[in-house]
1. Would you mind putting 128-134, 307-313 in packing order, based on average other-beta-carbon counts within 10 Å, highest first?
2. Here are some pairs, Lys199/Lys338; Lys344/Lys412; Lys344/Lys364; Lys364/Lys412; Lys364/Lys415; Lys190/Lys338; which of them have Cα atoms lying more than 26 Å apart in this structure?
3. Which value in nm describes the separation of the simple spin-label points at Tyr365 and Lys415, placed 7 Å from the Cα toward the beta carbon?
4. Expressed in whole Å with the largest first, what are the equivalent ellipsoid semi-axes of region 293-415 derived from the C-alpha gyration tensor as the square root of 5 times each eigenvalue?
5. What does the C-alpha gyration tensor say about the overall shape of region 2-203? Classify as rounded when a/c is under 1.5, otherwise prolate if a/b is larger than b/c, or oblate.
6. Quick one: if the Förster radius is 22 Å, what FRET efficiency do Leu230 and Leu85 give, using the C-beta to C-beta distance and rounding to 0.05?
7. With the crude spin-label approximation of a point 7 Å out along Cα→Cβ, what separation in nm comes out for Ala63 versus Ala345?
8. Take the alpha carbon gyration tensor of region 125-252, find the square roots of its eigenvalues, order them as a ≥ b ≥ c, and report rounded if a/c is under 1.5; if not, report prolate when a/b exceeds b/c, else oblate.
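No value in this document is a laboratory result; all are computed from the given coordinates. Everything numeric in this text was worked out from a predicted model, so none of it was measured. Ideal geometry is used to build each Cβ from the backbone, glycine not excepted, and the neighbour counts take in all protein chains shown.
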Amino acid sequence: MLTILAAAFLGGLILNFMPCVFPVISLKAFGLIRHVHDRRTVRIEGLAFMTGVVVTMLLLGAALLTARAGGSAVGWGFQLQSPVLIAALSLIMLGSALNLMGVFEFGLAAQRIGGVAGPKSGPLGAALTGALAIVVATPCTAPFMAGAIGAALVRPPLEAMSIFLALALGFAAPFTAVSLVPACARLLPKPGAWMATLKQVLAFPMLAAAAWLAWVLAQQAGSAALGVLLASSVVLGFAAWLYGVAQRRQFSGLRHRPQLFVSIVLLIGLALPLAGLPTTSDGDSTATTVAAAPATSAPQDKPAKWTPQEIIAQRGHGKPIFVNFTASWCITCQVNDKAALSTKAVKDAMMQTGTVYMIADSTKYNADIDQAISQFGRGGLPVYVVYPADGGEPVLLPQLLSPDIVTSALEKAAKSHS
């Protein structure tokens, strides 16, 4: 159990450096630099950030365990199979980008608009940043994480929640250390006029995250759902602009209630289209095309669609089988695809060994796929499995692939038959 807890803590620590977390983590780093000379504020916001991370992680872990107790074989990142949540996250990222660009501000009454220090979000804002960081971290699975989460899913509830707590503490550790240890805080750059530019630059990773989530939504629910999200994005942008106008009028001592009222009404109106967001792509030709294609580009022209029945039919017939458990919302999956699975070396190795390539796409909920991932002892994506040509026991590959790892595994799987 101590080994599992250590793996969970280390996995949470590494998760800070995964690409899906960067947009939100950069905001927290900006906040710490902003208050670097105010030790009390840094400590309070650092602890608030850790509280948001821990509470959200425990709630997510409890929801995951509850769903599995109810018979659903879901894993890490299961909530991203919901088109409504994907759309909501995309709008949150867009709203954050507009805030960073200065379209509107938080805490404007306490400071001048456009001040270099930026808005003072306070402990509540830091806690919400921690909560958002955990939510957007779920598309990524860091090394050591998968085994720890897989262990949590088969442990008693108290032990399982301890693993999720260790994961949260590892994730929050860097910012907690900077907040509580003056020596660590001194490593941060000094605040200055450069922060005004940095604040605006940080808006672009948020916009990139919003665009990526919109693409994921199209994969899940088709062009109709994407249309709803784009319309909602325009409404959100208009509401943010009106709210910013109201704030500037307030700062100038002018009346601002009409604009503020209209912006609040518009924001409430965002909930209406999201509530009716299409969750399937039935009857949508564009969505059908997207759904038929794998979530990642394939190393062979026509990869087979994974099913439990297809695996049984193909095993032990003299050919290795490579199964790619993936999803459009899994960023680690996309990185592995570009860095390893789509390379010429891997394609050649698959051709030479006669490997049967299968894709198990978990972009939308698939009970069979989630059950298979659980049986392999993994708590989330990506999962890569190689079945030897002689029908022997399957081999799990690491979550971070390289061409050498894949080609070596395929060659060993092919030799098992000879």
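1. Details: 128-134: 22.4, 307-313: 12.7.
So the peptides 128-134, 307-313, ranked by packing, come out 128-134, 307-313.
2. Values: Lys199/Lys338 31 Å; Lys344/Lys412 19 Å; Lys344/Lys364 29 Å; Lys364/Lys412 33 Å; Lys364/Lys415 36 Å; Lys190/Lys338 38 Å.
Exceeds cut-off: Lys199/Lys338; Lys344/Lys364; Lys364/Lys412; Lys364/Lys415; Lys190/Lys338.
3. 4.5 nm
4. Details: eigenvalues 75, 59, 33 Å².
Semi-axes from the Cα gyration tensor: 19, 17, 13 Å.
5. Details: a/c = 2.44, a/b = 1.61, b/c = 1.52.
The shape class here is prolate.
6. Details: r = 17 Å, r/R0 = 0.79.
Calculated transfer efficiency: 0.80.
7. 4.0 nm
8. Details: a/c = 2.43, a/b = 1.21, b/c = 2.01.
Cα axes put region 125-252 in the oblate bin.
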